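Contents: one structure, followed by commentary.
The values are calculated or read from the model by the stated rules, or taken from the named source; none is laboratory data. Owing to the predicted nature of the structure, the values given are computational and were not obtained by experimental measurement. All Cβ positions, glycine included, derive from the backbone under ideal geometry; neighbour counts span all protein chains shown. Keep in mind that these areas ignore ligands, DNA and RNA; they rest on the heavy atoms of the full protein, side chains included. Shrake-Rupley method; radii C 1.70, N 1.55, O 1.52, S 1.80 Å.
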Amino acid sequence: MVLGITELKIKNLTIFPLEYPKRKAISINNSTAEMDYFESILEPTITMKIDLFNSYSLFNEIPIRGGEKVEIELQVNSNTWIKDTPESFKLEGDNAMYVYKVSDVSTSNARELLTIHLISKEYFMNEQSKCLKKYQSNNINVHVKDILKNVLQTKKDYDKNIEDTSNSYCFYGGNRKPFHVLQWLAPKSVSASPGVKGQSGKGQQAQGKGTAGFLFYENKDGFHYRSIDELVSGLGNKK
């Protein structure tokens, strides 16, 4: 979904410095020139890019170096022509975004231009976490919830977005990162919904039979582990 600037109103766009609350948070509502939001069923996290235009040095005042929390609330114009559009879009609290890179910093004639790149907090948590234990034979959806809760330790919603699988699996974490393991499990998963079931191959080379596999991804509602069959079926049922 793409909305023009006339269809959006920034209600809250705040950067929290790493030293917060010792150093105060700063509103960048009036400094935002452009904002891009990205989510994909092929990516484990959502990302954003915000172009800022300031008459003072925001880059040095906060300072923005990476890891800063950014809370966002946008209001959609109630007169927009797009149907079923939520009136507000919030990424706050546990769903807030975090700065992972600053680029295109330019200062001239008392003006500052810069771009901040944002990503989910779980991106950083994933880099610092490893799946170490042996995961005993159990339904794959149980393993997915275990990794999200106990390894990634996310506080975002995910329980209702994890689709049940019909096949069980036993594996070693192998010192791998959570996102890697979750995406590695996806093609091995077989949906519990009606249809052809089974598994081709054995051990770590096993692939789901009679299914297109699963996808692990994040959107603004949290993390999802969904079968491609169900996602495609859901699109087909829309009128």
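The table that follows gives values for the structure above.
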| item | result |
| --- | --- |
| Residue check, A25 surrounded by 13 or more Cβ atoms within 10 Å (Cβ to Cβ) and either at pLDDT 90 or above or farther than 23 Å from Q153 by Cα (or both) | yes |
| Any hit, segment 78-88, residues being out of contact with any helix residue (DSSP H, G or I) (no Cβ under 9 Å at 6 or more places or on another chain) and either modelled with pLDDT of 85 or more or hydrophobic (A, V, I, L, M, F, W, C) (or both) | no |
| Complete set of residues in segment 130-162 that are in a loop (DSSP other than H, G, I, E, B) and either surrounded by fewer than 20 Cβ atoms within 10 Å (Cβ to Cβ) or small (G, A, S) (or both) | K130, L132, K133, Q153, K155, K156, D157, Y158 |
| Number of the exception - T6 against (1) in a strand (DSSP E or B); (2) farther than 27 Å from A110 by Cα; (3) at pLDDT below 90 | (1) |
| Close pairs from segment 31-46: first closer than 13 Å to I116 by Cβ and assigned to a strand (DSSP E or B), partner of a type in the set (K, R) and open to solvent by 30 Å² or more (accessible area, probe 1.4 Å), Cβ under 7 Å, at least 6 apart | D36/K49 |
| Segment 129-152, subset of a type in the set (K, R) and in contact (Cβ under 8 Å) with a residue 40 or more places away in the chain, residue farthest from P44 (Cα to Cα) | K133 |
| Looking only at segment 99-146, and only at residues there that are charged (D, E, K, R) and modelled with pLDDT under 90, the one that is nearest to the chain's Cα centre (by Cα) | D104 |
| Conditions (1) over 17 Å from I46 (Cα atoms); (2) polar (S, T, N, Q); (3) open to solvent by less than 60 Å² (accessible area, probe 1.4 Å); (4) part of a helix (DSSP H, G or I); number of the one not met by N126 | (1) |
| Members of segment 115-143 that are hydrophobic (A, V, I, L, M, F, W, C) and touching a helix residue (DSSP H, G or I) at 6+ places or on another chain (Cβ under 6 Å) | C131, I140 |
| Of residues in segment 11-30 being out of contact with any strand residue (DSSP E or B) (no Cβ under 7 Å at 6 or more places or on another chain) and assigned to a loop (DSSP other than H, G, I, E, B), the one farthest from F89 (Cα to Cα) | K22 |
| Qualifying residue in segment 153-160 (condition: closer than 25 Å to D229 by Cα, hydroxyl-bearing (S, T, Y), free of Cβ contacts under 8 Å to residues at least 40 places away in the same chain and in contact with a strand residue (DSSP E or B) (Cβ under 6 Å, 6 or more places away or on another chain)) | no |
